[in-house]
Amino acid sequence: MRKMLPGVGVFGNTPAMRCYIPMLKSCGLEVVALWARTPEEAKELSEDLGIDMYTTDVDKVLLHKDVDLVVISCSPHLQAHIAAKALGIGKHVLCSPPSGPRSRDTLPMVHASRYYPKLMSLMCNGLRFLPSVVKMRSLIKDSFIGDVTICEVKVHYGQRLKHTFDWMCDEMMGGGVLNMYGGMIVDILSHVTGQRAIRVQGMLKTYTKQTEFVKGIREITSDDFCSFQMEMDGGACATITLNGHVPGQFVQEIIIVGTKGRLVLKGSDLYGQKHDRVKEDLLHFDPVNYKDIESIGIHEKVRGEIPVPYMKGVIKMIESVRDAFQQVEERQGWSPEPLDAAATFEDCFYVQTVLDTVRSASKVRQSMKVIMTDTEPEPNPFLSTAMRRSTFSLH
């Protein structure tokens, strides 16, 4: 067992980050430095969560002598570059979804993870660690429902009133229900079924374009409703509906139908039924214990902004991160086994590519093939690739 767990540097002032920090501390991982976009945000977060060192300079956190693990949850258009820079100087990285507005924006972190394969480079999609999802995946592997044929997902929630215009209001900066929840759903379906999307079609809508506080020349461009379909490479199909216009309790239901039966994930509870049975069985019950969540130190206001299944899953993932470091004595060493279920940056790139294709399909109103292209876009389209590769001088 190692004597010292790695020091953590955090980036961002999102509700997710306000959950991560107490979780990290409860697992014995000391948060030694934080970054936020403005001095006011950085100071507020440091005072609220008891972190001594805070800054608006990315390098001051990355180069901090006690920081070995970096946790990122800020505006999506900033995350990939911070992650790539952290990996480049030998830091482990956990990145919160969404990782970028578009798949091309995630390429720097994807390429960096390939260059430094011994460093931890994982996505914080907590649903993969939710006990009911772990059981669902195991049952599908054991052919409890036979061959997977149909996946159906619905997510209902009510959007909080926007008091300021931020990245969540801007589709080009990574906002929108498709990026916020759709990416995690695409990832989970691939994780539990072992199948990936090869063709998609979809529809995105923005019904709330202005609010009491976001008005005038400002307009919300991020989608608040999305419905899309996926054809999978194993023969299954999936239909996903994401609705941000249903105030009240957060509702998430994932149905996986096979040739022998079905599995249904309702919130954090898993149900199953064989086709030859007349009654649905409760396979895993995971009640909400707010005392346990409160004991970690997560503020009640923050708990209201993070759906319970996602919060429970992230708690399990952070515990696995702790176990991964504890199993190796070297300061920067870690064991991949406790985190086998975690999403990698490669998984993240696949997810963002699917989401890009859904957006494109919505614009042209027809189905489109999912094509993975992991090359950086040409910085100057007017200068040909052949000329760039040649020794010809323009001067």
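The values are calculated or read from the model by the stated rules, or taken from the named source; none is laboratory data. On a predicted model such as this, the values are computed, not experimentally measured, just so you know. Using ideal geometry, Cβ is built from the backbone for each residue, glycine included, and neighbour counts are taken over all protein chains shown. Side chains included, ligands, DNA and RNA excluded: accessible areas come from the protein's heavy atoms. Shrake-Rupley method; radii C 1.70, N 1.55, O 1.52, S 1.80 Å.
If you stretched the chain out fully between residue 319 and residue 143, how much longer would it get, using 0.36 nm times the residue separation minus the C-alpha to C-alpha distance?
60.4 nm
So if I take the centroid of the Cα atoms in the range 172-197 and the same for the range 47-63, what is the distance between those two points in Å?
So the two Cα centres are separated by 31 Å.
Give the whole-number value, in cubic angstrom per residue, of the convex hull volume spanned by the C-alpha atoms of the range 170-244.
88 Å³
Using a 1.4 Å probe on the protein chains only, how many percent of the accessible area of the chain belongs to carbon and sulfur?
51 percent
In a Debye calculation with equal point scatterers on the alpha-carbon sites of the range 106-255 and no solvent, what is log10 I(q)/I(0) at q = 0.22 Å⁻¹?
Result of the Debye calculation: -1.36.
Give the longest segment of the chain that steers clear of chymotrypsin sites (Phe, Trp or Tyr not before Pro) in DSSP loops with at most 14 neighbouring Cβ atoms within 10 Å, not counting the sites themselves.
Excluding the exposed sites themselves, the longest stretch runs over 1-206.
Enumerate the amide H contacts of residue 7 below 5 Å, restricted to partners 5 or more residues apart or on another chain; note that Pro and chain-start residues carry no placed amide H.
68, 69
List, in order, the whole-Hz ³J(HN,Hα) value for each residue of the range 311-325 obtained from phi through the Karplus relation with A = 6.51, B = -1.76, C = 1.60 and θ = phi - 60°; use x for Gly and Pro.
Result, ordered by residue: 5, 4, x, 5, 4, 4, 5, 4, 4, 5, 4, 4, 4, 4, 6 Hz.
From the phi angles alone, apply the Karplus equation (6.51, -1.76, 1.60; θ = phi - 60°) to the range 345-355 and give each ³J(HN,Hα) in whole Hz, x where the residue is Gly or Pro.
The phi angles translate into 5, 5, 4, 4, 5, 4, 4, 5, 5, 4, 5 Hz.
Skipping prolines and chain starts, which residues have an amide H placed within reach, meaning under 5 Å, of the one on residue 54, given they are 5 or more residues away or on another chain?
For residue 54, the qualifying residues are 34.
Could you work out how much longer the chain between residue 115 and residue 233 gets when fully extended? Use 0.36 nm per residue separation minus the Cα distance between them, nm to one decimal.
Once the chain is fully extended between residue 115 and residue 233, it gains 39.6 nm.
For the chain, take the convex hull of the Cα atoms, compute a quarter of its surface area, and give me that in nm², please.
23.0 nm²
With θ set to phi - 60° and the Karplus curve 6.51 cos²θ - 1.76 cosθ + 1.60, what are the ³J(HN,Hα) couplings of the range 29-45 in order, to the nearest whole Hz, using x for Gly and Pro?
Result, rounded to whole Hz: 8, 7, 8, 9, 7, 9, 10, 9, 5, 10, x, 5, 5, 5, 5, 4, 5.
Given C-alpha coordinates of the range 4-100, what is the ratio Rg to Rh with the Kirkwood estimate of Rh?
On the Cα set of the range 4-100, Rg over Rh gives 0.91.
With every protein chain kept in place and ligands, DNA and RNA left out, what is the accessible area per residue of the range 106-242? Probe 1.4 Å, answer in Å².
Here the per-residue accessible area is 43 Å².
Taking 7 Å along the Cα-to-C-beta vector as the label spot, tell me the residue 286-residue 212 distance in nanometres, rounded to one decimal.
Between residue 286 and residue 212, the label points sit 3.6 nm apart.
Check cross-link reach from residue 85 to the lysines: straight Cα distance under 25 Å, and skip same-chain residues fewer than eight apart.
Within the straight-line limit of under 25 Å, residue 85 reaches these lysines: 25, 43, 60, 65, 118.
Going through the range 184-232, which trypsin sites (Lys or Arg not before Pro) have at most 12 other Cβ atoms within 10 Å and a DSSP loop state?
When the trypsin sites (Lys or Arg not before Pro) of the range 184-232 are filtered for loop state and at most 12 Cβ neighbours within 10 Å, 215 remain.
For residue 164 paired with residue 274, estimate the spin-label separation in nm (one decimal), with each label point 7 Å from Cα along the Cα-to-Cβ line.
Spacing of the two 7 Å Cα→Cβ label points: 5.7 nm.
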